[in-house]
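Scroll down for the structure; my scribbles are underneath it.
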Amino acid sequence: MGIICDKFMFTNKTGQELYKAYAEPLPIIDYHCHLSPKMIAEDARFSDACDLFLSGDHYKWRQMRTFGIDERFITGDGEAYEKWKLFADCMPFLIGNPLYHWTALELKRYFDIDVPLCPKTAFITWQTINECLAKEDFSTRNLIRKSNVEILCTTDDPADDLTYHQKLAKENFETAVLPSFRPDKAVHIDLPAFSGYMEANGIDSFAKLKSWLGERIQFFHQVGCRVADHGLTYVPYAEGHAEAVFDKKMAGAKIEAEEADVFKTSILQTCAKEYAKHGWTMQLHIGALRNNNSRMYETLGPDTGFDSIHDWPIAEKLSKFLDALDVQKALPKTILYTLNPKDNYVLGTMLGNFQEGPVRGKIQFGSGWWFNDNRDGMEQQMKALANLGMLGTFIGMLTDSRSFVSFARHEYFRRILCNMLGAWVEQGEYPDDSEMLKRLVTGICYDNAKNYFSFAGKAHS
């Protein structure tokens, strides 16, 4: 038998009871993921277990490389079953890694497979999954239905025409599939692709760029977008002439780091003011050191498993950036994520500087992200928030994933949360007050997010 049972991830009875009574039945609001709106709109099907579990999942690719598997059987043209078999070969060695737990949850929740994935079970799991995937019940939309997802937010470039979101909005699909505004290509002036992106969108001046971003935000808003997202190594803050930096870049000159920060600060502030005006939430993902392996980047491109944690200091510029917006009454609801757990207490204290009613937890400490979405990382993030702020207003988990079975990570998070709360109760650190515990659990798992965001999707009509 597998590890997924009532006691999975629990070390105390109270936590187990909290999960069963309050967390397990709740719908999912997945306010940040990388799922394909095209696949959802077309109700795409999966050819086999490899297509569903391994395609596009750089978490798994990274560990398969660690196990010594040739790239041909990871991202290459290797035969599908051979890829699945090699993935199964490395699974037993992932003890302590969340991939082991996620895979067990995905096998159990979607395919009712109780046996652990390993060399002995590779073929039978392959057969069982493929038999299921041949049925209509396992299309992309039906996997979302099985996951009890109320709202999911994809990640979309400002230039996207949002055709698939609009198509879905006109249909009777129960889940609200909403866009998120991700303008990284318009922010990162220091990247080689910046000038080409400007030209592709008819932007030939700094004023035109700002105007274009405002127009795109308005368009996204009309299609239901209420969330923006920025991927940053650190939040920049530098004063200067951003227009001159833009002109220099478009003329083909080299941009220095300080100049890039001047430009990024200005564009981020321009966007943030628009977010505030529209009642959006701004997400700032901080601390990734991307594309470390230049050889593999040239071969496979970005987001293929060659990123890691950065260790730059983040506090001072982040403070100045938030303060500059707050002074102008233009700071939107903001979620701060850190990839480096050394900064948990930095963000945990930064939140309190800019909280403001009537929104509860206007500035949020985002859930354990990427290399932190494991049990230790989640607990460290929540304990830092509890120690320094207010855990009870936390808006909870998101998948940040490209996989249509990754919604099981919400269950993983909910079990960890309830176990932590249950331990505090049993240790005498919080009263065994069923009504208040219910409010805490349902709040963090669902209610707080529902109240925090201003979604206008079907589920909230």
Subject >> the range 247-260: number of residues that are farther than 22 Å from residue 289 by Cβ, part of a helix (DSSP H, G or I), open to solvent by 50 Å² or more (accessible area, probe 1.4 Å) and in contact (Cβ under 8 Å) with a residue 24 or more places away in the chain >> reply: 2
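Each row is one residue, and each column tells you yes or no for (1) surrounded by fewer than 22 Cβ atoms within 10 Å (Cβ to Cβ); (2) within 20 Å of residue 153 (Cα to Cα); (3) among the basic types (Lys, Arg).
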site: 402; (1), (2), (3): yes, yes, yes
site: 422; (1), (2), (3): no, no, no
site: 426; (1), (2), (3): yes, no, no
site: 436; (1), (2), (3): yes, no, no
site: 452; (1), (2), (3): no, yes, no
**OP:** For the range 314-322, state whether one or more residues are touching a Phe, Trp or Tyr at 6+ places or on another chain (Cβ under 7 Å) and either at pLDDT below 95 or not hydrophobic (A, V, I, L, M, F, W, C) (or both).
**Re:** yes
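Please determine, by comparing only the residues of the range 261-282 that are small (Gly, Ala, Ser) and open to solvent by 10 Å² or more (accessible area, probe 1.4 Å), which one is nearest to residue 199 (Cα to Cα). Spell out how you get there, then give the answer.
Initial filter on the range 261-282 (small (Gly, Ala, Ser)): 266, 272, 276, 279.
Checking the rest, the ones that are also open to solvent by 10 Å² or more (accessible area, probe 1.4 Å) come to 266, 276, 279.
On the way: 266: 20, 276: 28, 279: 30 Å.
Applying the filter and picking the extreme gives 266.
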Subject >> Of all residues making up the range 173-195, the number that are open to solvent by less than 40 Å² (accessible area, probe 1.4 Å) and in a helix (DSSP H, G or I) >> reply: 5
**OP:** Count, please, the residues in the range 206-246 that happen to be of a type in the set (A, V, I, L, M), surrounded by fewer than 20 Cβ atoms within 10 Å (Cβ to Cβ) and part of a helix (DSSP H, G or I).
**Re:** 2
Subject >> Inter-residue pairs, beta-carbon under 7 Å, first closer than 15 Å to residue 411 by Cβ and in the range 15-39, second among the acidic types (Asp, Glu), 6+ apart >> reply: 16/6; 27/150; 28/150; 29/150
Original post:
For residues in the range 1-60 being hydrophobic (A, V, I, L, M, F, W, C) and in a strand (DSSP E or B), which is surrounded by the fewest Cβ atoms within 10 Å (Cβ to Cβ)?
Top reply: 28
**OP:** Return a yes/no flag: does the range 281-304 have any residue that is of a type in the set (Gly, Ala, Ser), free of Cβ contacts under 8 Å to residues at least 12 places away in the same chain and outside any strand (DSSP E or B).
**Re:** yes
Subject >> Residue in the range 409-430 that is among the small types (Gly, Ala, Ser) and within 15 Å of residue 26 (Cα to Cα) present >> reply: no
**OP:** Considering only the range 344-439, give the helices (runs of 4 or more DSSP H) lying wholly within it that have at least 2 residues that are within 20 Å of residue 16 (Cβ to Cβ).
**Re:** 375-388, 408-426
**OP:** Tally the residues that are open to solvent by 60 Å² or more (accessible area, probe 1.4 Å) and free of Cβ contacts under 8 Å to residues at least 60 places away in the same chain, restricting the search to the range 93-125.
**Re:** 8
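Give me a count of the residues in the range 127-172 that are within 21 Å of the chain's Cα centre (by Cα) and either without any contact (Cβ under 8 Å) to a residue 12 or more places away in the chain or buried (at least 17 other Cβ atoms within 10 Å of the Cβ) (or both). Explain how you work it out, then say what you get.
Pass one, the range 127-172, residues within 21 Å of the chain's Cα centre (by Cα): 140-141, 143-160, 162, 164-165.
Still in the list and also either without any contact (Cβ under 8 Å) to a residue 12 or more places away in the chain or buried (at least 17 other Cβ atoms within 10 Å of the Cβ) (or both): 140-141, 143-144, 147, 149-156, 158, 160, 162, 164-165.
Adding up the residues that qualify gives 18.
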Original post:
Name the residues in the range 305-338 that are open to solvent by less than 20 Å² (accessible area, probe 1.4 Å), closer than 18 Å to residue 264 by Cβ and part of a loop (DSSP other than H, G, I, E, B), would you?
Top reply: 314, 330, 331, 332
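The values are calculated or read from the model by the stated rules, or taken from the named source; none is laboratory data. Please read these numbers as outputs of a predicted model, since none were measured by experiment. Note that each Cβ is placed from the backbone with ideal geometry, even for glycine, and that neighbours are counted across all protein chains shown. For the accessible areas, the whole protein counts, side chains as well, though only heavy atoms, and no ligand, DNA or RNA atoms are used. Shrake-Rupley method; radii C 1.70, N 1.55, O 1.52, S 1.80 Å.
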